[in-house]
Amino acid sequence: MKIMMSAGEASGDMHAAAVAAELKRIMPEADIFGMGGADMRKSGVRIIYDIENLGIIGVVEVIRHIPFFFRLRAFLKKAMVEEKPDVLVCVDYPGFNMKLAHVAKELGIPVIYYIAPTIWAWNKGRAKNIVRDVEQVASIFPFEAEAYRKAGARVTFVGHPLADTVKPSMSFDEAMKYFHGDPSRKRVLLMPGSRKNEVAGLLPMMLEAAKRLEEKERCQFFIPRASTIPKDMLLGIIGNTSLSIEITEGHQYDLMHICTVCVASSGTATLETALMELPTVLVYRLAPITWFLANLLVHVKYAGLPNLLLNREVTPELLQDRANAENIVSILLPWLEDEKKREENVEEIREVRKALGSGGAVHRVAELIIKTAGAVHGK
């Protein structure tokens, strides 16, 4: 069986890699190839385009790179024609992957969409293309599955993969030793994102907040490097500083396990920190025109996944003009100074794991891929 995968950023690379590894476990002879990154490569995927150079968000940013995306789509179409995969698995990255799904449909290749476009947040008209082009939506949220069913899509609720994967692999003491954690300091996690322009826009603000926190509490700061972000880029933004900052590689959940608080870019990271019971403030900024359009098109109350799941703000959100060092400090400092206030937040975010339901998502996605490819091609 030949399986093509398409992931466009670090979180998609991680989710696709987990599915690829499960596919290889079930069917060792499977030939899996496509667009992805380091995690997928480690899981045995033959990478034909590395996503390290993809990191474009927002309407304005994407418009500037339209010719590039046309070339990339043409390159992947050529790969489909030459390789003739039994199925295409699109993972997240909807702006690009929805168009790639249409290409596959025209070539007669069935498409499974995993970490699907958020039709429950955006204009419902977006679902029409999914219904037209996608053989199966592997849905990760119950409310998402229901939205797709109402839209007429073929959907299977598989559960959220993070319910399985988000857990420490080390004891607290082992993780402290591994990350050179200082028990005399409060440990603060800085997660500026997995896209280069996210990091460029958010990390300076996080570092300014770190300086202000250090004036109040003795802190140790950690920045886990996403595989899509060069270390030199992080070092260039950090520059010369008296702050105690560690850039870390791997074992991210063990790092979350030893940290006291976190400030994170909007995205999967806030769901991961909630599952690790780490109090987090969400920050995000978009280009003004992108923010204006988002307010017109997006129909949800919250940006953060923990808040969407529980329908209340358990992870404080600082968006656009509210995303600044002063506001970050005003939220994090009480958690650092008062363990009771921190524990109150921990109690709230513990409910996120209950809301995600039982595990086994990755195995169910792998089985769905095999079943879909086999059914369509009579194998």
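The values are calculated or read from the model by the stated rules, or taken from the named source; none is laboratory data. As the structure is a prediction and not an experimental result, all values here were calculated from the model. Cβ atoms come from the backbone with ideal geometry, glycine included; neighbour counts cover every protein chain shown. Protein only, heavy atoms only, side chains kept; ligands, DNA and RNA dropped before computing areas. Shrake-Rupley method; radii C 1.70, N 1.55, O 1.52, S 1.80 Å.
Against the definition (of a type outside the set (Ser, Thr, Tyr), over 22 Å from Ile115 (Cα atoms) and loosely packed, with under 13 Cβ neighbours inside 10 Å), how does Lys354 come out, yes or no?
Against the criterion (of a type outside the set (Ser, Thr, Tyr), over 22 Å from Ile115 (Cα atoms) and loosely packed, with under 13 Cβ neighbours inside 10 Å), Lys354 does not qualify.
Limited to the range 75-96, what total is found for residues that are assigned to a helix (DSSP H, G or I), open to solvent by less than 60 Å² (accessible area, probe 1.4 Å) and modelled with pLDDT of 95 or more?
Qualifying residue count, the range 75-96: 4.
The rows are residues; the columns are (1) closer than 18 Å to Ile331 by Cα; (2) at pLDDT 95 or above; (3) β-branched (Val, Ile, Thr).
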site	(1), (2), (3)
Asn240	no, no, no
Ser244	no, no, no
Thr248	no, yes, yes
Thr260	yes, yes, yes
Ser265	yes, no, no
Thr268	no, no, yes
Glu277	yes, yes, no
Ile289	no, no, yes
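Is there a residue in the range 339-346 that is in contact with a Lys or Arg (Cβ under 7 Å, 6 or more places away or on another chain), hydrophobic (A, V, I, L, M, F, W, C) and at pLDDT 95 or above?
Checked the range 339-346: no residue is in contact with a Lys or Arg (Cβ under 7 Å, 6 or more places away or on another chain), hydrophobic (A, V, I, L, M, F, W, C) and at pLDDT 95 or above.
Conditions tested, residue by residue: (1) surrounded by fewer than 20 Cβ atoms within 10 Å (Cβ to Cβ); (2) in a strand (DSSP E or B).
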| site | (1), (2) |
| --- | --- |
| Ile3 | no, yes |
| Ser6 | no, yes |
| Ser11 | no, no |
| His15 | no, no |
| Leu23 | no, no |
| Glu29 | yes, no |
| Ile32 | no, yes |
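Quick check on Glu146: is it open to solvent by 40 Å² or more (accessible area, probe 1.4 Å) and either in contact with a Gly (Cβ under 7 Å, 6 or more places away or on another chain) or in the same structural domain as Gln320 (by the TED database) (or both)?
Considered against the rule, which asks whether it is open to solvent by 40 Å² or more (accessible area, probe 1.4 Å) and either in contact with a Gly (Cβ under 7 Å, 6 or more places away or on another chain) or in the same structural domain as Gln320 (by the TED database) (or both), Glu146 comes out as no.
Taking the range 297-338 as the search range and keeping residues that are assigned to a loop (DSSP other than H, G, I, E, B) and at pLDDT below 90, which one is most open to solvent (accessible area, probe 1.4 Å)? Even if it seems obvious, please write down each step before you answer.
Taking the range 297-338 and keeping what is assigned to a loop (DSSP other than H, G, I, E, B), we get 298-304, 311-316, 323-324, 338.
Of the ones still in play, those that are also at pLDDT below 90 are 298-304, 311.
On the way: Val298: 44, His299: 109, Val300: 48, Lys301: 158, Tyr302: 33, Ala303: 41, Gly304: 1, Asn311: 109 Å².
Looking at residues that are assigned to a loop (DSSP other than H, G, I, E, B) and at pLDDT below 90, I get Lys301.
How many residues are out of contact with any helix residue (DSSP H, G or I) (no Cβ under 7 Å at 6 or more places or on another chain) and either modelled with pLDDT under 95 or of a type in the set (S, T, N, Q) (or both) if we restrict to the range 97-115?
Going through the range 97-115 one residue at a time, the tally reaches 1.
Against the condition assigned by the TED database to the domain that holds Asp13, basic (Lys, Arg), on the phi < 0 side of the Ramachandran plot and not in a loop (DSSP other than H, G, I, E, B), how does Lys177 come out, does it pass?
In short, no.
Kindly list the number of the only condition in (1) in the same structural domain as Met98 (by the TED database); (2) touching a helix residue (DSSP H, G or I) at 6+ places or on another chain (Cβ under 6 Å); (3) closer than 18 Å to Leu309 by Cα that fails for Ala151.
In the conditions (1) in the same structural domain as Met98 (by the TED database); (2) touching a helix residue (DSSP H, G or I) at 6+ places or on another chain (Cβ under 6 Å); (3) closer than 18 Å to Leu309 by Cα, Ala151 misses (3) alone.
Which of the residues spanning the range 231-245 are free of Cβ contacts under 8 Å to residues at least 40 places away in the same chain and assigned to a loop (DSSP other than H, G, I, E, B)?
Of everything in the range 231-245, those that are free of Cβ contacts under 8 Å to residues at least 40 places away in the same chain and assigned to a loop (DSSP other than H, G, I, E, B) turn out to be Gly239, Asn240, Thr241, Ser242, Leu243.
Specify the residue that is most open to solvent (accessible area, probe 1.4 Å); the eligible residues are those in the range 175-184 that are touching a residue at least 60 places away in the same chain (Cβ under 8 Å) and not hydroxyl-bearing (Ser, Thr, Tyr).
Among residues in the range 175-184 that are touching a residue at least 60 places away in the same chain (Cβ under 8 Å) and not hydroxyl-bearing (Ser, Thr, Tyr), the one most open to solvent (accessible area, probe 1.4 Å) is His180.
Open to solvent by less than 20 Å² (accessible area, probe 1.4 Å), under 23 Å from Leu308 (Cβ atoms) and in contact with a Leu (Cβ under 9 Å, 6 or more places away or on another chain): does that describe Glu198?
It is false that Glu198 is open to solvent by less than 20 Å² (accessible area, probe 1.4 Å), under 23 Å from Leu308 (Cβ atoms) and in contact with a Leu (Cβ under 9 Å, 6 or more places away or on another chain).
Name the residue that is nearest to the chain's Cα centre (by Cα), counting only residues in the range 252-267 that are closer than 16 Å to Leu319 by Cα and open to solvent by 10 Å² or more (accessible area, probe 1.4 Å).
Checked the range 252-267; the qualifying residue nearest to the chain's Cα centre (by Cα) is Gly267.
For Pro168, all conditions in the list (1) over 30 Å from Ala79 (Cβ atoms); (2) in a loop (DSSP other than H, G, I, E, B); (3) open to solvent by 50 Å² or more (accessible area, probe 1.4 Å); (4) at pLDDT below 95 hold save one; what is the number of the exception?
Single failed check for Pro168: (4).
Under the condition of being assigned to a loop (DSSP other than H, G, I, E, B) and at pLDDT 95 or above, which residue from the range 34-47 is nearest to Leu72 (Cα to Cα)?
Val45
Exactly one of these conditions fails for Thr228: (1) closer than 25 Å to Ser184 by Cα; (2) assigned to a loop (DSSP other than H, G, I, E, B); (3) at pLDDT below 95. Give me its number.
(1)
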